[in-house]
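Scroll down for the structure; my scribbles are underneath it.
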Amino acid sequence: MRILLVEDDVMLGDGMVDALRSSGYTVDWLQQGLPALPVLKSEEFTALILDLNLPDIDGISLLRKLRREGQTLPVLILTARDALDDRVLGLDAGSDDYMVKPFALQELNARLRALVRRSKGQAQAILEYGELLLNPESQQVTYRGEPVKLTPHEYKLLQELITQSGRVLSKDQLQQSLYGWDEGAESNAVEVHIHHLRKKFYSDLIRNIRGVGYIIPQLELPQHRDNRA
């Protein structure tokens, strides 16, 4: 999952970026709110973590602008404002969840996973694709009942493709989901990860749509016959 963090506190922001990345997220960080508007128009993120006390715009005003512009990505407000009226205001302005500082990283991770599940219409915590199971909490993968060891980037790539199965994702979209703005990556990194995933599972799992990108096909639902006479 690729997270956009909007937080002006440098010490807290540094700590959150490190902690979220160690939990398997790709994180990009802005210390002001207004730059988030063009960034969210031009790049894809899975969720937004938004502070309210920003130096250039109030977080509630920013959130309202995003919703008026049609941004539907999940938003988690993370703020020191703990009054009931503030929580109600944040939720009514368009946030999907509201956490008060200080917070526990374990709870933040759980709330992010729940936000993403709801945004994608997933009821279960475990991702299933045929005989392939992914556990976003532990980042463990099994195939045909056997554990499969993946690197962090391989796991993130597989999760992104399965979560969006049936949709062709360009190389640039996949690279953005794996590497933040300040994380360098080789130009062929996506191809290398896909090659390794095909070897660890099966060659037709990830298909290349020439000139467009990569896709994990959506599984077809079983057909039920009507046996009535």
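The values are calculated or read from the model by the stated rules, or taken from the named source; none is laboratory data. Here the structure is a predicted model, which is why all the values come from computation and not from measurement. Cβ: placed from backbone, ideal geometry, glycine included. Neighbour counts: every protein chain shown. In case anyone asks, the SASA skips ligands and DNA or RNA and just uses the protein heavy atoms, side chains included. Shrake-Rupley method; radii C 1.70, N 1.55, O 1.52, S 1.80 Å.
Worth pointing out:
- Residue within region 132-142 that is at pLDDT below 85, over 25 Å from ILE49 (Cα atoms) and among the aliphatic types (A, V, I, L, M) present: no
- Residues of region 127-141 include none that is within 17 Å of VAL6 (Cβ to Cβ) and either in contact with a Lys or Arg (Cβ under 7 Å, 6 or more places away or on another chain) or in contact (Cβ under 8 Å) with a residue 24 or more places away in the chain (or both).
- Scanning region 146-163 for residues that are without any contact (Cβ under 8 Å) to a residue 12 or more places away in the chain and closer than 20 Å to ALA125 by Cβ turns up just one, PRO147.
- Of everything in region 203-229 that is under 17 Å from GLU128 (Cβ atoms) and at pLDDT below 90, the residue that is most open to solvent (accessible area, probe 1.4 Å) is GLU220.
- Inside region 86-99, residues that are within 21 Å of the chain's Cα centre (by Cα) and more than 15 Å from LEU54 (Cβ to Cβ) make up a count of 6.
- Residue match in region 35-48 (condition: among the basic types (Lys, Arg) and surrounded by 13 or more Cβ atoms within 10 Å (Cβ to Cβ)): no
- ARG111 meets each of the listed conditions (1) within 27 Å of GLU43 (Cα to Cα); (2) open to solvent by 60 Å² or more (accessible area, probe 1.4 Å); (3) part of a loop (DSSP other than H, G, I, E, B) apart from (3).
- Region 44-62 residues that are over 15 Å from GLY90 (Cα atoms), paired with ones that are acidic (Asp, Glu) and open to solvent by 50 Å² or more (accessible area, probe 1.4 Å) (beta carbon under 6 Å, 6 or more apart): PRO55/ASP8
- Check on GLU44, at pLDDT below 95 and closer than 21 Å to GLN176 by Cα: yes
- Among residues of region 59-80 being in a loop (DSSP other than H, G, I, E, B) and surrounded by 14 or more Cβ atoms within 10 Å (Cβ to Cβ), the one that is farthest from the chain's Cα centre (by Cα) is GLN71.
- Hits in region 2-29 (condition: under 27 Å from LEU158 (Cα atoms), surrounded by 15 or more Cβ atoms within 10 Å (Cβ to Cβ) and not β-branched (Val, Ile, Thr)): ARG2, LEU4, LEU5, MET16, LEU20, ARG21, SER23, GLY24, TYR25, ASP28, TRP29
- Given (1) within 20 Å of GLU107 (Cβ to Cβ); (2) assigned to a helix (DSSP H, G or I); (3) of a type outside the set (Asp, Glu), number of the condition LEU52 does not satisfy: (2)
- The single condition from (1) surrounded by fewer than 17 Cβ atoms within 10 Å (Cβ to Cβ); (2) over 20 Å from the mean Cα position of the chain (by Cα); (3) touching a residue at least 12 places away in the same chain (Cβ under 8 Å) that ALA83 fails is (3).
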